Amino acid sequence: MLSRIKDLAAELAPRLIEVRRHIHSHPELSGEEFQTAAFVAGVLSSNGVHVKENVGKTGVIGELEGNGDDKRILAIRTDMDALPIQELASLDYASRNQGIMHACGHDVHTTVGLGTAMILSKLSQELPGKIRFIFQPAEEIAQGANWMVADGAMDNVNSILGVHVFPSITAGSIGVRYGALTAAADDLEIIITGESGHGARPHQAIDAIWIAAQVITTLQQAISRTQNPLHPVVLSIGKISGGRAPNVIADSVRLQGTVRSLHPDSRNGLPSWIENIVKNVCDTYGAKYKVDYRLGVPSVQNDLALTQIIHSAAEEAWGGDRVEILPEPSLGGEDFSVYLEKAPGSMFRLGVGFTDRDINHPLHHPKFEVDESAIITGVVTFAYAAYKYWQLNSDTTANSSPVAVSS
């Protein structure tokens, strides 16, 4: 089966490069992936995959029936949206949409998902169960997975696989991670209210800017002394708004930031921990406050059995020297974790770095580029892992009904 998958991938390679470059040239922002979705639906339909459009607003689902009595459904998820970044890479197929760019590799993800569907559609008679291809919108704003789930994308799904490009891994290689892959990503807003006054007489006012500075400093210092250093927490204030004039003491300051954590127990305690610190600082200096802690996406926790399937599929396809076991998780967020609240899953890293360049620009960089040979690596790995999935007999995935897991 592996040799057949590789042969089909080699035949499809030129077409997949065309697909990727078309998507790259026509990026669309989160929730606006209308043309991308229509293109995806067309490719799926032309390859005999049953298509459902307008799922989760602009998402697409493709379903491929197997040829057996295995009731399990395996989902393969890829995302489609781009970022509000002006592309600076000098490419013939660079973005044609001003200020929008596929700087996170979702054009590659979509292409890999399509390539996997194209290959497995030719091998469907040898698949004992159903595969559901989920093409998701709005990952960059961490909303698309929720939209897709609410619209039934995970109904009756037993397991799900995902992929994300990684420029620090060279093209042709795969990264697998057992356990936590990404962090929970939450939003934080703090409003501090003081009393206005003349800039020359601060003792007659309550300086919200100065108090906000104390809040930021105290939060950062307290992490190192009150949070478990083996359970990482990162709190970053990225936006500060406040003040009326240079010579007027500010009466209100708004802080906005992000909070990242890996362990559920740490995450559960963060809202009260933050509010207690803000309260103590504000009480000390006579200010009022409001803390709004909004839960975002949870941590991606890769399932052991499914990660082993990806690991073995990649090793058999490419050799052990091209498979990296990632020693550390990322504190980046990924709403693939939302699907894991419905069924076990695993996401792997697809190397896209160039071997002949001194610099591989990071994700979200205006000059981000990928080595397109990675597309075939991703397609073969996905397709072969899907095939191997049906050979797995475990309590995690062999049941006829989906298994819910906590992330």
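The values are calculated or read from the model by the stated rules, or taken from the named source; none is laboratory data. Everything numeric here is computed off the predicted structure, so don't read it as measured data. Glycine also receives a Cβ, built like all others from the backbone with ideal geometry; neighbour counts cover every protein chain displayed. Heads up: the accessible areas ignore ligands, DNA and RNA and are worked out on the full protein's heavy atoms, side chains in. Shrake-Rupley method; radii C 1.70, N 1.55, O 1.52, S 1.80 Å.
Some points to look at:
- Protection proxy ranking of 173-179, 299-305 - average other beta-carbon atoms within 10 Å, highest first: 299-305, 173-179
- For Lys388, a cut-off of 29 angstrom between C-alpha atoms picks up these lysines, skipping any fewer than 8 places away in its own chain: Lys6, Lys52, Lys71, Lys122, Lys130, Lys342.
- Taking all protein chains as they are arranged and a probe of 1.4 Å, the heavy atoms of Val163 leave approximately 0 Å² accessible to solvent.
- Rounded to the nearest 10 degrees, the angle from helix 208-226 to the longest Cα principal axis of the chain is 60 degrees.
- C-alpha long axis of helix 2-25 to longest principal axis of the chain, angle in °: 50
- Average accessible area per residue (Å²) across segment 184-297 - probe 1.4 Å, nucleic acids and ligands excluded: 55
- Over the chain, Cα pairs under 8 Å with separation of 6+ residues give a relative contact order of 23 percent.
- Cα convex hull of segment 241-330 - mean projected area over all directions, nm²: 10.0
- Dimensionless Rg over Rh [segment 184-297; C-alpha; Kirkwood]: 1.02
- Secondary structure note: in the chain, about 65% of the DSSP beta bridges are antiparallel.
- Counting heavy atoms of the protein chains alone, Phe348 has an accessible area of about 0 Å² for a 1.4 Å probe.
- Estimated translational D of the chain in µm²/s (Stokes, Kirkwood radius over Cα pairs; 25 °C; 0.890 mPa s): 108
- Computed from the C-beta positions of Asp358 and Leu91 and an R0 of 25 Å, the FRET efficiency is 0.85 to the nearest 0.05.
- In the context of the full set of protein chains, residues of segment 13-66 present 44 Å² of accessible surface per residue (probe radius 1.4 Å, heavy atoms only).
- Ligands, DNA and RNA aside, Val149 has an accessible area near 30 Å² when probed at 1.4 Å.
- Our estimate of slack between Ala213 and Ile240, defined as 0.36 nm per intervening residue step minus the Cα-Cα distance, is 8.7 nm.
- Reduced Cα scattering model of segment 1-134, Debye log10 I(q)/I(0), q = 0.12, 0.20, 0.22 Å⁻¹: -0.48, -1.14, -1.29
- Heavy-atom accessible area, probed at 1.4 angstrom with all protein chains present, ranks Thr284, Thr307 as Thr284, Thr307, highest first.
- Here the chain exposes an accessible surface that is 48 percent carbon and sulfur, computed with a 1.4 Å probe and the other protein chains kept in place.
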